[in-house]
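These notes are about the structure you will find just below.
The values are calculated or read from the model by the stated rules, or taken from the named source; none is laboratory data. This is a predicted model, so every value here is computed, not measured. We place every Cβ from the backbone using ideal geometry, glycine too, and count neighbours over all the protein chains shown.
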Amino acid sequence: MYVVFVVALTCLGVWVDAVNNGLARTPPMGWMSWQRYRCITDCVQQPDNCISESLFKRMADRLVSDGYKDVGYEYINIDDCWPLKDRDAEGKIVPDPTRFPSGMADLAKYMHSKGLKLGIYGDFGTLTCGGYPGSKFYMDVDAQTFADWGIDSLKLDGCYTNPDDYATGYPLMEFFLNKTGRPILYSCSWPAYVKDPDYKTIADNCNIWRNYGDIQDSWDSVKSIIGFYGDDTDNFTKFAGPGNFNDPDMIILGNFGLSYDQQRVQMAMWAVMASPLLMSNNLDDIRPETKDLLLNKNLIAINQDPLGIQGTRKSQTGNIEIWSRPLSPVGKFAIAILNLGEAGCAAIVNTTLSYIGLTNQGGYKVTEGFTGAVVGTFSLSDHFVSNVNPSGIQLYVASPN
Ligand code: GLA
């Protein structure tokens, strides 16, 4: 049905095939429900954890009161399991009235009154991954409904559809989002569902896109994502830039699965990989040292660097990986030295800036990436020695002399 519609639009010459909403000039930052709160819908048994307006309002209040908003976290994103299982008589999707008694327009107003933005979740197929109504055959009405509610971001998942349809359907939703006239950040799960994704077309149509499996609350999961991004087999890294970012999935700091060093790894690597920083945790219960990492302005400055260039893995020797990310002003770099090993002692990594790929003949002034403390001045061939804890990271910023 929608294929016919695409052809009609193309013939009329009004087809808009580019994401032209001006959003995500740097990786979006905020909070998202899925990893921590999943599809908990029983508010009687789990009043504090169920997917409900009170959960999203509570997390919004925390973003503001605990300083997250001040450092850039602004989206509160609802993931799966928010609507009723059936559409209404007009074909519109309906938020579950027992869990969202005030309705979505009211919730969006609440977020906007606090200077925040509200994101919502849909699916390109007939059902969402959790079995709620999907947008297939309803894209126009869903885009308009979301815009009417005042929604600011849409994650469009890709369950329950025919793989041949992605290349038509995802751009079609972008067309309908544009048609509403409301700037809505568009997050596509498209590449995660197809073989050999056409990243050029994906970047033309989506602001951010998931390209790998779901993050779980574990170090293994974080490691496998970093491995996928390091391998960059489909050459997706080069499509990152203002307006377009690869999305390796949510930040899990504050949950159960990561040690302190592993939390440092996720934050630092998501900064180097120019990744969206969408926390999925309980902001009512975050340990101080974790909160410090989530609020770390030096890490966030790397993540939000205006050039939007995604860092790459420069070397891989046993368990040691070296990554770098070009920063502004041109010539400056973030450098991450990652120890994926699990031997009890720290690895001593002895390298040079030249080996890492830096080229300024006058050398570099290097600061520590988490604290900004001065490490020293290094020529390209000076020994650059780093002690890296097991499943840990050292992060630096190098500015040309
Ligand atoms: C998929 C997505 C997840 C989450 C769930 C919801 O698995 O990749 O991020 O949105 O669906 O059902």
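Considering only residues that are more than 27 Å from ASN244 (Cβ to Cβ) and among the small types (Gly, Ala, Ser), look in segment 1-55 and name the one that is modelled with the lowest pLDDT. The qualifying residue modelled with the lowest pLDDT is ALA8. For segment 30-66, which residues satisfy the criterion of being under 17 Å from LEU253 (Cα atoms), part of a loop (DSSP other than H, G, I, E, B) and either without any contact (Cβ under 8 Å) to a residue 24 or more places away in the chain or out of contact with any Phe, Trp or Tyr (no Cβ under 8 Å at 6 or more places or on another chain) (or both)? Within segment 30-66, ARG38, ASP66 meet the criteria.
Applying the criterion of being assigned to a helix (DSSP H, G or I) and of a type in the set (Ser, Thr, Tyr) to the residues of segment 136-186, the residue that is farthest from ALA203 (Cα to Cα) is THR145. In summary, helices (runs of 4 or more DSSP H) completely within segment 247-310 and bearing 1 or more residues that are more than 27 Å from ALA398 (Cβ to Cβ) occur at 288-294. The requirement of being of a type in the set (D, E, K, R), under 26 Å from GLY357 (Cβ atoms) and either modelled with pLDDT under 95 or crowded, with 23+ Cβ neighbours inside 10 Å (or both) is fulfilled nowhere in segment 298-320; no residue meets it. Based on this model, can you work out whether ASP204 counts as within 12 Å of the ligand (Cβ to nearest atom), touching a helix residue (DSSP H, G or I) at 6+ places or on another chain (Cβ under 9 Å) and not in a strand (DSSP E or B)? Against the criterion (within 12 Å of the ligand (Cβ to nearest atom), touching a helix residue (DSSP H, G or I) at 6+ places or on another chain (Cβ under 9 Å) and not in a strand (DSSP E or B)), ASP204 does not qualify.
Test ASP214 against the stated conditions and say whether it is of a type outside the set (Phe, Trp, Tyr), within 16 Å of the ligand (Cβ to nearest atom), closer than 22 Å to GLU174 by Cβ and assigned to a loop (DSSP other than H, G, I, E, B). Considered against the rule, which asks whether it is of a type outside the set (Phe, Trp, Tyr), within 16 Å of the ligand (Cβ to nearest atom), closer than 22 Å to GLU174 by Cβ and assigned to a loop (DSSP other than H, G, I, E, B), ASP214 comes out as no.
Restricting segment 81-110 to residues that are of a type outside the set (A, V, I, L, M, F, W, C) and not in a loop (DSSP other than H, G, I, E, B) leaves a set whose member that is nearest to the ligand (Cβ to nearest atom) is PRO83.
So that you can scan it fast, the table gives a plain yes or no per residue for (1) among the polar types (S, T, N, Q); (2) at pLDDT 95 or above; (3) closer than 23 Å to ASN389 by Cα:
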position	(1), (2), (3)
ASP217	no, yes, yes
SER221	yes, yes, yes
ILE225	no, yes, yes
THR233	yes, yes, no
PRO248	no, yes, no
LEU258	no, yes, yes
ALA271	no, yes, yes
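The set of residues from segment 101-153 being of a type in the set (Val, Ile, Thr), touching an Asp or Glu at 6+ places or on another chain (Cβ under 9 Å) and surrounded by fewer than 18 Cβ atoms within 10 Å (Cβ to Cβ) comprises just one member, VAL141.
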